[in-house]
1. Hand me the GluC sites (Glu not before Pro) from region 68-170 located in a DSSP loop with no more than 15 other Cβ atoms within 10 Å, in residue order please.
2. Using only C-alpha atoms and all pairs of different ones, pull out the Kirkwood radius for region 40-125 in Å with one decimal.
3. Given the convex hull of the Cα atoms of the chain, what is a quarter of its surface area in nm²?
4. Neighbour counts of other C-beta atoms within 10 Å: give me E196, E42 arranged from fewest to most.
5. Hey, if you put +1 on the Cβ of every Lys and Arg and -1 on every Asp and Glu Cβ in the chain, which of A117, Q166, P140 ends up farthest toward the positive end of that dipole?
6. Can you tell me the orientation of helix 13-26 relative to the chain, as the angle in degrees between its alpha-carbon axis and the longest Cα principal axis, to the nearest 10?
Amino acid sequence: MTSERADRPVLDAPIRALFERVAALSDGRKPDLAAIGAALVELAADVDYLTPWMRRLDGQSGAVPIHAPARGPRLTVVHRSEGQMSAVHDHGTWVAISPIVGVETHRRWRVVRDDGAPPRVELADDRALARRDVATLLPPDDVHDHGHLAGRGPAAHVLILLGDQQTRFTRNEWDPATGRHRVLVPGDGGRWLASEPMPSETGAPSSLAVRPAPGRAGSGRSRA
Ligand SMILES: [Fe+2]
């Protein structure tokens, strides 16, 4: 597990190795997402090391940060339960995702901008990610959703590696069922699940909006 010193975290060897590789592959230039994805797959295959991290979720839908510095790349274990998909969203930074166990649906959406109309999304790609698979995205071609679709195997626990703290950025989310688009201002983590109603146009949560109950200590609901 990761422990803390007064000034900086001391990372377990597998995590330190990943972040050293990521630093070399993303330092001051366009990230090499193919190589970053391969490094993430290598870590995701280490189920023995990652099992204690997955157990922190206790089978509940949620996210547990493994390494989350103030800025720069960060790593999280994420689980969405049977039949749960995220909202359609972007991150404002590069991302790589790879299952540790289970099958994660990962769909990419094309943004269509008609004159005078809010941007809308059309399905562009639909993948079922299993062990040793990876998906990577680089803005601006990074609108996606992910999670579990019924009938596609067991719900996954995945590693998600983000290039930076996503809530620093102005981002977007959509509801393809209604066509609604929403701008997420910095600090807004967005909806955890597509099934949650979008907040009202005023920015206040809808009276119908129900957030999932908080997970166990250490799990978070900021979308990953
Ligand atoms: Fe995402």
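Read-outs throughout are calculated quantities, based only on the coordinates presented, and are distinct from any laboratory measurement. Computed from a predicted structure; not experimentally measured. When we count neighbours, we look across all protein chains shown, and the Cβ atoms used for this are built from the backbone with ideal geometry, even at glycine.
1. On the way: sites: E82, E104, E122; in loops: E82.
Those satisfying the criteria are E82.
2. Kirkwood radius, region 40-125: 15.4 Å.
3. Values: hull surface 51.4 nm².
Here the figure is 12.9 nm², rounded to one decimal.
4. On the way: E196 18, E42 15.
With the fewest neighbours first, E196, E42 line up as E42, E196.
5. About the Cα centre, the residue reaching furthest to the positive side is Q166.
6. Roughly 60 degrees between the two axes.
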